[in-house]
Each structure stands twice: as structure tokens, then as C-alpha cells.
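Down below is the structure, laid out as C-alpha cells.
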Amino acid sequence: MRVNNQLFAFITTLSLVIFLITGCGKASKLGKTDSEQGSNVSNTNTSSDQPDNKTNGNSNFSQNIKEFTISSDKGFATISWDNPTSEKVTYELRRSLENKLVTPNTLVDGQKINHSLLMAKDLNVTLFSSYIYTLFMLDNDSKILDKYSQKVIITDTYPPKKPSLFSYNLKLSSIELTWNNPVDDFSKVLLFKALQPLSTFDESLAIYNGSLSSFKDLAPTNNHYYYYIYSKDLANNKSEVASINFLIQQPLSSINSVSNIESSINKDNIILKWNNPNDTNLKGILIKRKNKEQNNDTFVTIFDGLLSPSQYEDSNISNSQITYEYELTAYNNDLAYSSPIYHEVTSLDRIPPNPVSNITYSITPISETESTLTVNWINPLDDDIKDILIIKNDHSSNELTTISSGKLITQVSQNEKNGSTFNYTLVVRDINGNESNQASIEINIKSSLKIIEPLTNFKLSKLDNSIKLTWKNPTIDSFQNFINRSKFPINSITDGIQIASTNQDSFTDTTILFDGSTYYYSLFTKDLNENIFSKISTANFITTDEIPPSLPNIFNVSVTDNNKLILSWSLPSDNDLNSVIISRKINDIFSIHPSGTIIYEGLDESFVDTIELNGSNYHYMLYSKDKNDLISEKVLTNTFKSEDKTPPKNPTMFHGIFNNDKITLYWNHPSDSDFSHSLITKTKDIPGNIPSNIILNSKDLISNDLIYEDNNLDYQSGYYYAIYTVDTSGNLSKPIHFYTNYINSIFADYNNSFTIKSNQELWGSGTVSSKQLGDLIVDKQWQLISNDIKFITTSDFHTYLIDNNNIAWGSGENRFDQIGYSTPSNTDDNVNSAIDNMKPNWKYVKSNIQTIDSSFYHSMYVDQNGNLYAIGQNSNFQLGLNSTENKDIWTKSFENIQSVKLGHLHSYALKKDGSLWVVGDNLNGQLGTQDLERQETWTNVLNDVQRIDSGKYFCLALKDNSLWIVGNPLGSEKILSWTKVLDNVIDFSAGSNHALAIKSDGSVWGFGQNHSGQLGTNNTINQTTWVKVFDNATLIATGKYHSLILKQDGSVWGTGLNSDNQISSSDSQTITSWTAIKF
């Protein structure tokens, strides 16, 4: 029966759609029967030009093909049929892909499929592809009796077998897992690892996905491990799961290390030998290696197991000379491992050198029977060449002769007999004994050679930019002249570089450089008929240097981490280079060469410009200069647009004064042109470089007065006040700070110690000798001396107090009227009331006092307006009045003063602008005038000073938080010029002949005389350099021979002279270490 072609196409399409929707056609496996899975076979033709499925090719033949079936769900096609007749027939089966659109209709269509009897198995098919099979029934003459066609889609629905013999081997460095892959249509295995049992598997988490039969997992740790594995076939079917699990516990044993590691090296291997430990449960040796030339600390495992004998050959080494480090670790069955043992080995260089190249030779006859043979070559560029081995093989005698050995040369010359033939073989040898491939040349010297005389009249002359060479040509018929040139003397025809080949009698060398060098020329001729050379003629010419130097190739400018500019370049290769020069302009481009400020001249390849970057444009010019002072014709330029990262200068004169339940802060702004504003902070901790707890931005000040009053005081706590400067670019200065804990001061004199508390109570201990404290005798114990006191100063003979009303009171010896008692106005009720409340013998001095100081027999005070007044002895002009007349009344001496300090017979005044002025005796250089001359009037010696203090014959000054000294503190060596001794200082005090200073970290440093232990160094040795003596301090005070410190925790400590219990109630006359004072 024939089927209409259009109907056949419709049925085919419909079948394909049904097949795709139902998912039919999954592949089957070997070993399954057709009845277990349905067969995806269609007997519908897929193309309208194909014949009907069933066709009788011979109408006289009564039997047709029967029971033609195909199964395809095992990943291949199985075709079978029945023989319908007893007549003798044969069958032929052919196949084609459906998408080829050709159904086998003849015995040449498609591909022939082998079969046996009435069945065929076609394994050469592809999963999920569609094929058409046609079976032909043939008679004895191979004529088609009948044919039958069917379409089939190859599928696979059977899962593969699971991996077998899944097992593990536990080693120190890894867990080795092995299995056998299935033998059916296996594609890959997936391996999973977990620390607890698994029932489902996320294939993206597989630790192995591939077709191998082993896997090495990471080094094990103490845990319970579960491993699962299954296989998948080409159709992505999954097998059953195989699993193993095991527990690794902390080793309960230990093991010794390997010993006696030795190594040997041959051409291919590094051989390690060692002694294994004698432990009975030794399981293996872990060997790791690292390449020390690679600059990393990573060891790579190269062996893990047990060897017998204990020897390992490492063949995976470089051909180059490399140093390897090996690590050997033993481990036992419990996975306890030993300490690693290390061993270094350097491998041999096994890389042969390159051979020589460009071998040439020349022959120069020297007699009728003998010639000079010169052989030249080019050596390779290998950096480890030792020598060139040259062997001559004489063809007439077959004799081998070593011409050269042990020398690194590029030419060899020998006299040989005319008529000789031989071979030269050259071998390059390196320092490790490696030899290159051979390079050879055949040489034939004719029997009869005539001698060619050298060319004559060889002369050199200078033209404008060249040298002309002239000579007399030879008389032979056919010749060629050759000219070589070199910067070294020429001895043979092979020396130098050939610059000309001519048969003329002159040549002009235009390639020469007039750079001051000497040029050597050789001239020789070649007989072209005989192929022989003459001897050479030579001449030389000395040039003058007319060539300017070259420029460097590059010129870069970059900024360093510390905000400096680094300039870098590469030097030119000129032999006569003298220097590279760099000039600089700021915000102004270069218009001529050379110009600008020269900042560097030398032969380095980099330079750091230490100029402070402040946002300007920095223009740089670079050029070269040679030894004849010629400069390069061109220049290199570069420009750097900087950011302003330079911190501004610190404010000056930052200090605070405690008065009337407030602290008043004073400071001066820096003079930087880009100054913006200042920030003031108040913290309980030492301030850092970033401001916190800001209490004032100077932009917020209404007036131009740089003053701020802090009324928010807590008398139970101390605070750090700090000031920062900010510029217009936002750069921040480091802070300047001071500390207050509302104990306004601690003070020490000859035999007394004092403290003024935050409530203005004055307490003291010790004794008095000249009624310095009125009628009160401080009898070797701490007592309340007075109330409402904010300041005290005392000398050997008299004392001043300043109360809350800024009234000064005095007491003590008054031999030169130095106390300056006064009578207040009857209308000043505050003063009269204060006199009534004051203890006996304390007498009124002056009102409106800012500060006051006393020396032996003279005194000075500063009023609230900054005026300085003086009184008392004036034998050395110490009152600053330009006379030696003593004064018994207060006399104005100076103005615009913020503080005053007095020495023995001299005085110091610090003005509000930070300038320091001095007057009086100067026999010890204590005035800082760099000489010993007495100053009869006030003289300026130092500026930008924050604070001052004075000893008997020396002075201390604070500038930018650095401490400076002048004078004779030790009584032995005079310091005539102001000398900086300490940085980061926040407080300091001068005793009679010693001094203390506090740094910003709270550490206390001491200097000077120490005979009474006043420095607290646990000895009485004088200190000629500043030494650290204490920590965590906030205030210090120095008396004549003792010292006091106020710690950050509020406790007071003392050291030094204790004759009147000014430090401790003990019987010790001197205390040499810091001791807490009990109140």
C-alpha cells in the first residue's frame, strides 16, 4: 500500500511533536530487555521524496519482509526481522541520519550496517539523534525483492552502575580516595564530602567532578568525615550512591624526626638520603620542597609515603642552577607527626651554552711556502661562558690538534703551509662543564701564493665634519681595498669594523663623531684572482669634542609618602658625560635654556626635592653637561601641580590663667599666609593629632582679642586644653596643650613645700628662718597657711602671696626694702577688708597684680595692664632702670609684660608678643647674650617664647613646645648661647642649680646638680645630660635642693633635701628617690 506523500509528512510531524511532549526516547543500557522499556520506533517516512515503508520490488515474488522491529532505548539500535520464505534470499541493512533527508532507496544510499542472520546491533550512533533504517531483501542476482524502512530516535533511560571498591588511604598530608569506574557507558563521577550524613546532593558542591578513579583531599584534621560517590552516563542518568566514613582523632602518640639527611646531585636528579626514626608505628615520610629563588615561603608536597631504602630521587628539577630547600616530616599510624627537618641543595646548571656564529677566515701570504691564517667568529651572549675549545683536523694526515683551550677569545691566527686543507671545529664551554653544539669551517690554502705588499702613502686629513683617507693603490690587475676603523689600536685585518670596500685611492669617512676620541684606521688590499690579502697599513686621528651630550631618556616627577617630590631619570650613555643638571621655577614657566634655580647636579638617577609643597606649580628643567662643559642642545621639562599638604605652624603663647572660678586661655595665631582659624579642645586624656571635644573655633570670636574664658570647671577633675591651627587647605597642625587639675601650683623653696588647692587654700610644710610666712611657723608638717590664695612665690628671705582680689601680700626679711610694703587708699574697701582678715605679719603690698617674683634682695611685679614694677637692691642694674641706685618704692621698669622671673642679681621679662628681655649681672652667661657682659638696660635675646623660669645662674625658655637653656646650671660649664635640650615639653621648673621638665607623654626629665638627690635618680650623681626620672606627671616644682611632682592621679611626690620634713616625716636628711607625700 502506498501512502499519500502529504499525509505521510503530516503523520511524521505529528509523531515528532508527540515524542517531544511525552519525553519518549530515553536511552537504555546493555543488559536490559526491550520489554523493560518501550521502543521509540516509527515506520513513518520523514520526507515526501522517500518511498513507502513496504515495497515489493518483484511482483512475481510471493513473500515479503516480516516482523521488522527496532529497539533504541539502550543507547544503541537493535534491528531484527523474520525470514518469510524458504527460498534462498539475502539481506542488506542501510542507515542514514534523518536530518540528511535521504531515506535509503537503493543499495548505495546511506551507510551499510553489518548484521548476522536476522539481526543487527548498531553501536555507532549518537544519543538523541534520529535515524532511518532500510532493510533490503535480495535474490541471488542482488536484485531487490522487497525493502522496508523505519525511523528511530536513540535514547537511554537506564542508570549506570555505581563506582566499585570505594576506599580511602589516610596520610599525613592528605586523604587519598580511590574507586573503580563502571565499564558501561560511563561519563563521569561526582564526589562529595561532609561532616555529617547526607541524603541529598547538590552537584555544585561536589569536591570532584570528572572521569578519574582517584582524588587527593586536603590534609585531615580531627573530625568525622563522610564521603559519597556516584556515576553518571552520557544521558546524565545517575547511578546508586557508594559511601565511606571514618573518624580522625587527636593523635595519642608522638614520633621522632628523620636524621642524617644527605644529598647528592647528578645531571638529572637530586638524591636525598636519610635515616628513618626507630618508631615501630612509623607510617610515612612527608617530603616538601620550595624553590628559594622564587622569594616565597610556600613548600609543595612532592612525596608522601614510605620508601625502602630511605632514599628519594627528585627528578622534577630545573635545568638552571637553583637552590632548593627540602622539608622532611615523619608521621605514624595515629597521624602524629615529628618536627620537620630541613635540608638545602643547589642543583647543577644543565643548560648547554649557545654555539659560536659567523665563522670566517682570511689568508695573508708571508712567503712562497707559508701564509698566516686568521679565523674569526662571534661568541654567544651567555653570561657563564668559560672558554672556546678549537680543534684543527688536518685532512692530509687526519691528525687532530687542539689550537686553543681555556681562553675566551674571538680570533685565532696561525702560520700554515700553503697547499693545506683542514677543518676548524669550535665548541663553547661554560663554567659548569656544559658544551655547546659544534660549529665548523672548511679551509683550503692554495699551493702557490704570492705576497702582496701593504698599501703605501696612507694619510689622514680633516675636513669640515669628516676625515679623508688617501693612499697609493697596488700594481696588481684585480684588487679590492678594505678600510677598518676602531677606537683601539689595530693589529690585523680582522680588527675593527669595516667601513669601506673600494678600488679607488681615497675615501671620506663621514660617519665619524668629533667627540674627543682617537680613531684608528687599517688599510689592506685583496687580490681577487688569488683570494689573498696584503698586510695592513695603519694610521690614527685624534678628534676634538664638538658634540653636545645627549639627554636622559625619561624625566618623571612624583610625590612621596612624606609629601616630598622625587625626580627620576635615566642617564644617557655618553662616555664623556660629566653631570645631569636640574633647575626649578615655582609658578613661572621656563622661557630660555638654561634658566631657573639649580637644585641638583650629579650623576645619580633620582633626587628628592625637599621643598615644602603648598599648592604651587613646580616647573623643572633637566639637561646634560659633558666633561668639556658642553651642555645638551635640548632639555626635558616637567611640571608638578601640588596639593598643599604642609601643616600650618602652631599658635604661640598658648597658656591659661586660673582666676575667679574660670580659666582664661591666651594664644597668638601663626604668621602663615594661608592661616584660616584655630580650634581649642578640652579633654581628660592627652590630646591626639585629631581634635575632639572642641570648645572654641576662633572664627566664632566676636572681637580680635585671642582670649577665651572657660567657666565650666569641675574641681574634682583635671583637663587638657589643646589648640590646633587650620589652614585654608584644611591642613591641621599638631596640638600645643597644657594640663590643669585645679591645684593651681605646687611650690618648693629652700626648706619648704607648698600647694595651692583649687579652692585657693595654701598648704605648706617645713620651717621658716626669716618669717617668710608671717607669724606662722610650719613645724615639719603640712598645715593650712591661708585661704583665698591663688599664687605664692618665695626666696631665701621673703615671700609674696596673691589673693583672689589680685592683692599682693608680703612677709619676711626686708633689708633693702625689697618687699615693697605700701599703704592702701582709705577708699579702697576691698583692700581694707582684706587687711582685717589677713593673718598677722602679712602686710599689704599692691593691688591689681597679675604676677610677682622675688629674688634675694630685689622684687618685681606685673600689673593687670602689663606694666612691670621693680624694687630693692640694684647693684648690678637688675631693676632695669639704667642705674645702680637701690629703690625703696615700686618703680616702673618696663611695659607690655606677661610674666617676670628673677635670678640672683639679674632679671628676665617676657613680653606679650613672646619676646624675652634681660637685664643685670651676666658673669655666668645666664642672660643669653652670647657673652659675659653685664646688661645695664633691658635687652631682647629671644623671640616666640611661651614661658620662662630661672635658676640661680641659668634660665629656661619654652619655644614651640621645645625647651631651651642658657647659663651655668652645674656651676662648672657656661652655656653662652641658647641651646635646645628637649622637645614636646608642656611644663618645666628651675631650681637653684637643677631643673625638671614634663613632656607631652607625662614623662619627667631632669638635669643638673644632684648632691641632695633632688633629681630622684636613686643616687647623688650630678646629671650633665637630661635623663628620664618619672612618669604620668602634670605639674612640677623645684626648690633650692628638693623637687615636687603632681601626678595625673592627684598625688604629690617629692625627692631631695628633707632636713625640715619638706618631703617626708622620716628622719632622713636626704631622699634620693621619688616618695609619695602624705598630707
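Below are the figures for this structure:
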quantity: Volume of the Cα convex hull of segment 291-400, divided per residue and given in Å³; calculated: 174 Å³
quantity: Cα centroid separation, segment 673-710 to segment 1048-1068 (Å); calculated: 38 Å
quantity: Table column - 3J(HN,Hα) (Hz), segment 930-935, Karplus curve with 6.51, -1.76, 1.60, x for Gly and Pro; calculated: 6, 8, 10, 7, 5, 9
quantity: For segment 357-444, convex hull volume per residue from C-alpha positions, Å³; calculated: 86 Å³
quantity: Inter-label distance, nm, simple model (7 Å from Cα along the C-beta direction), LYS912/PHE514; calculated: 7.6 nm
quantity: Whole-number D in µm²/s for segment 164-248 (Stokes-Einstein; Kirkwood sum over Cα pairs; 10 °C, 1.306 mPa s); calculated: 119 µm²/s
quantity: Diffusion coefficient, µm² s⁻¹, Stokes-Einstein with Kirkwood Rh over alpha-carbon pairs of segment 675-740 at 25 °C and 0.890 mPa s; calculated: 195 µm²/s
quantity: Amide H contacts under 5 Å for GLN946, placed H, 5+ residues apart; calculated: LEU958, LYS959, ASP960
quantity: Percent of Cα pairs exceeding the 19 Å cut-off, where the set is segment 855-910; calculated: 16 percent
quantity: Residue-count net charge about LYS273 - beta-carbon cut-off 13 Å; Lys, Arg +1, Asp, Glu -1; calculated: -3
quantity: Residues TYR226 and ILE409, FRET efficiency given R0 of 51 Å [Cβ-Cβ distance, rounded to 0.05]; calculated: 0.10
quantity: Proximal lysines relative to LYS468, as straight alpha-carbon distance under 16 Å, when same-chain residues fewer than 8 apart are discounted; calculated: LYS459
quantity: Relative contact order computed over the chain (Cα-Cα under 8 Å; 6+ residues apart), in percent; calculated: 4 percent
quantity: Projected area, mean over directions - segment 259-346, Cα convex hull, nm²; calculated: 5.7 nm²
quantity: Under-29-angstrom lysine pairs by C-alpha in segment 638-685, whenever the two are 8 or more apart or on separate chains; calculated: 7
quantity: Relative contact order [Cα under 8 Å, 6+ residues apart], segment 622-709, whole percent; calculated: 21 percent
quantity: THR470/GLU633 FRET efficiency (R0 41 Å; Cβ-Cβ; nearest 0.05); calculated: 0.75
quantity: Ranked by how many other beta carbons lie within 10 Å on average, peptides 884-895, 182-193, 408-419 from highest; calculated: 182-193, 884-895, 408-419
quantity: Ranked by how many other beta carbons lie within 10 Å on average, peptides 206-215, 853-862 from highest; calculated: 853-862, 206-215
quantity: Over the chain, equivalent-ellipsoid semi-axes from the Cα gyration tensor in Å; calculated: 100, 60, 34
quantity: Dimensionless Rg over Rh [segment 1011-1075; C-alpha; Kirkwood]; calculated: 0.95
quantity: Residues of segment 547-583 with amide N under 14 Å of the 7 Å Cα→Cβ point at SER595; calculated: 583
quantity: Alpha-carbon centroids, segment 165-231 and segment 315-389: separation in whole Å; calculated: 45 Å
quantity: Gain upon complete extension [ASN896, ASN333; 0.36 nm per residue less C-alpha separation]; calculated: 193.6 nm
quantity: Sequence-distant residues sharing a close amide H with GLY928 (under 5 Å, placed H); calculated: none
quantity: Over segment 259-346, relative contact order from alpha-carbon pairs under 8 Å, at least 6 apart, %; calculated: 32 percent
quantity: Sorted peptide list for 988-996, 267-275, 1028-1036, criterion being average Cβ within 10 angstrom, highest first; calculated: 988-996, 1028-1036, 267-275
quantity: Theoretical ellipticity at 222 nm over the chain - DSSP helices of four or more residues, -39500 (n - 2.57) apiece, nearest 500; calculated: -1000 deg cm²/dmol
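Bear in mind these aren't lab numbers, they're just calculated from the coordinates by the rules spelled out. Everything numeric in this text was worked out from a predicted model, so none of it was measured. Note: ideal-geometry Cβ built from the backbone for every residue, glycine included; neighbour counts use all protein chains shown.
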